[in-house]
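Take a look at the structure below.
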Amino acid sequence: MPERFEAVVVGAGPAGSSAALALARAGRTVCLLERGPFPGAKNMFGGVIYGRILDHLVPKWWEQAPIQRWVTRRSTMILTDDQAVSVDVRSAAWGRPPYNGATAFRPDFDRWLAGVATDAGATLVCSTTATGLLRDRAGRVRGVRTDRPDGELEADVVIAADGVNSFLAVEAGLYPHKTADHFTLGAKEVLALPRDELEARFNVTGLEGVDIEILGGTHGIPGGGFVYTNLDSVAVGVVLSLPGLAAKRRRPEDIIASLKRHPAIAPLVAGGTLEEYSAHLIPEGGYAAIPTLAGDGILVAGDAAALTLAAGIYLEGVNFAIGSGTIAGQTAAEAITARDTSSASLRRYRRALARCFVLKDHRKLRRAPSLVLGERTQTVYPKLACALAEQLFTVENPASKRGVITIGRAELQRAGVRARDVARDAYAALRTFS
């Protein structure tokens, strides 16, 4: 392994591999470090990959990428203990190129994207952990130490794409405000089902897939749940606030077990054979939780930079990782060419992120985390929505039918919620998502 590269990227997830790809295509020497035995080996993933960001990075990526199913149906489900209300969207266009979203196994997807980077000239080194930063006498980052004998790697720029617990970003002093309320715990089970049975249950064929995002069903712990389809398995899981989980003294696997017993979920997962259980921290603090993104000789990308968009109706991470990683790689390449890798030079990285969807969407939706994880959204509104729908469609002849406003007022009174609080929340939602 060479002792010096022009850039070292730590972490071969989507952000790191994209950064390495951008650097390699710019003609820079780059080492892509991965602590697992292969890219994706350490990743837990419970969602959908949105691939538009790949269109220019890897043209016709859908012909190469190892996806499980194309998501042609997206549902938002609101639960109480024994009720469910769903908004279900289905589009045939989502099942045709260039597609909208896909389910995938991250070990397969990450290994593929890292392969694209190595084909471009990046050097991939696995089973190697970056244990700390190297600095010059002036304190500027000049590489990383690894757990290999004589494993110091010098570089003009280090890109920290080492995940949600970015020890490198913390060591560089770029993460002064890391607190528990900026993170959630994602936990999931993968349940094997025969492919024909899965397709019958979810009413899909071929490579069509389903993504169900859930509000409620978490026993009062702020967060939510999800169900999505792979080729011959179903992933079911929860995303839970760390402080809320600690306060309730509940284990995430117990919440998943309860979710699987819910009348709306049980028919979808019944008889599934457990193939995998995994859990992982997720940065969901939004815009306020984003650290300083550049220092002397170092950039931060992907989950390490808290660039996961968790905004209720928008739940995205991989596309933000790829976007930030690509721009980090391009910024590093330009700085290396200019022979100026100071923090002043590398700050153009954040400016570039601000000009594209990565920071534009985070800034636009900066109020969403507190709104979505607020007490009324989590505990009151699911009950209110389900009760309103139930009452609206309950036929009580010979009584005359009640209107929506009449039912709504009665349910608000029963829930002990003031109409002005609902109006305030509705206004906040309108400002956030408009």
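FYI, it's all coordinate maths here, none of it is from the lab. Note that the structure is a prediction, hence the values are computed from the model and not measured. Neighbour counts are summed over all protein chains in view; Cβ atoms, including those assigned to glycine, are modelled from backbone coordinates with ideal geometry.
A cut-off under 10 angstrom between Cβ atoms defines the neighbours of GLY101, and their net charge, with Lys, Arg +1 and Asp, Glu -1, is +1. Put a dot 7 Å past the Cα of GLU3, heading toward its Cβ, do the same for ASP108, and the two dots end up 4.3 nm apart.
When the Cα atoms of region 369-433 are aligned to their principal axes, the ranges along those axes come out at 45, 22, 17 Å in descending order. The per residue volume of the convex hull around the alpha-carbon atoms of the chain is 153 Å³.
Computed over region 180-283, the range of Cα coordinates on each principal axis works out to 42, 25, 22 Å, biggest value leading. Extension gain, ASP82 to ARG355: 0.36 nm times the residue separation minus the Cα-Cα distance gives 93.8 nm.
Length gained on full extension, GLN413 to SER343: 19.6 nm, using 0.36 nm per residue less the C-alpha separation.
Give the peptides 208-217, 238-247 in descending order of average Cβ contacts within 10 Å, highest first. Don't skip to the end; give the middle numbers.
Working: 208-217: 23.5, 238-247: 20.4.
Going from most to least packed, we get 208-217, 238-247.
Projected label points at THR179 and GLU390, each 7 Å from Cα along the beta carbon direction, are separated by 3.7 nanometres.
Neighbour counting of Cβ atoms within 10 Å sorts the residues MET77, MET44, fewest neighbours leading, into MET44, MET77. Taking amide hydrogens as placed 1.01 Å from N in the peptide plane, the amide H of SER278 sits under 5 Å from those of LYS188, each at least 5 positions away in sequence or on another chain.
Of the DSSP beta bridges with both residues in the chain, give the percent that are antiparallel, rounding to the nearest 5. Here the share of antiparallel DSSP bridges comes out near 70 percent.
Taking region 235-258 and a reference point 7 angstrom along Cα→Cβ of GLU197, the backbone N atoms nearer than 19 Å belong to 235-237, 257.
Distant-in-sequence amide contacts of SER233, defined by a placed amide H-H separation under 5 Å and a gap of 5 or more residues or a different chain, comprise LEU193.
Could you tell me what % of all Cα pairs in region 317-420 have separations over 15 Å? Roughly 74 percent, once rounded to a whole number.
Quick one: divide the alpha-carbon radius of gyration of region 1-157 by 2.2 N^0.38 Å and tell me what you get. Each step should come with its number before you reach the end.
Details: Rg = 19.5 Å, N = 157, 2.2 N^0.38 = 15.0 Å.
My calculation over the Cα atoms of region 1-157 gives 1.30.
Between CYS126 and TYR314, the contour length at 0.36 nm per residue exceeds the alpha carbon distance by 64.4 nm. Rounded to whole numbers, the Karplus 3J(HN,Hα) couplings from phi for region 23-35 are 5, 5, 5, 7, x, 8, 7, 9, 9, 9, 8, 9, 6 Hz, using 6.51 cos²θ - 1.76 cosθ + 1.60 with θ = phi - 60°, and x at Gly and Pro.
Strictly over 27 Å apart at the Cα level, which of LYS248/LYS364; LYS188/LYS360; LYS188/LYS383; LYS178/LYS260 would you flag in this model?
Numbers: LYS248/LYS364 32 Å; LYS188/LYS360 30 Å; LYS188/LYS383 25 Å; LYS178/LYS260 33 Å.
LYS248/LYS364; LYS188/LYS360; LYS178/LYS260, as the Cα separations exceed 27 Å there.
The phi-based Karplus calculation (6.51 cos²θ - 1.76 cosθ + 1.60; θ = phi - 60°) puts the 3J(HN,Hα) values of region 382-392 at x, 5, 5, 5, 5, 5, 4, 5, 5, 5, 4 Hz, whole numbers, x for Gly and Pro. Express in % the proportion of alpha carbon pairs of region 229-348 at distances exceeding 19 Å. Tail fraction, whole percent: 63.
For region 330-337, backbone phi angles converted through the Karplus equation (6.51, -1.76, 1.60; θ = phi - 60°) give residue-by-residue couplings of 5, 5, 4, 4, 5, 5, 5, 4 Hz, Gly and Pro being listed as x.
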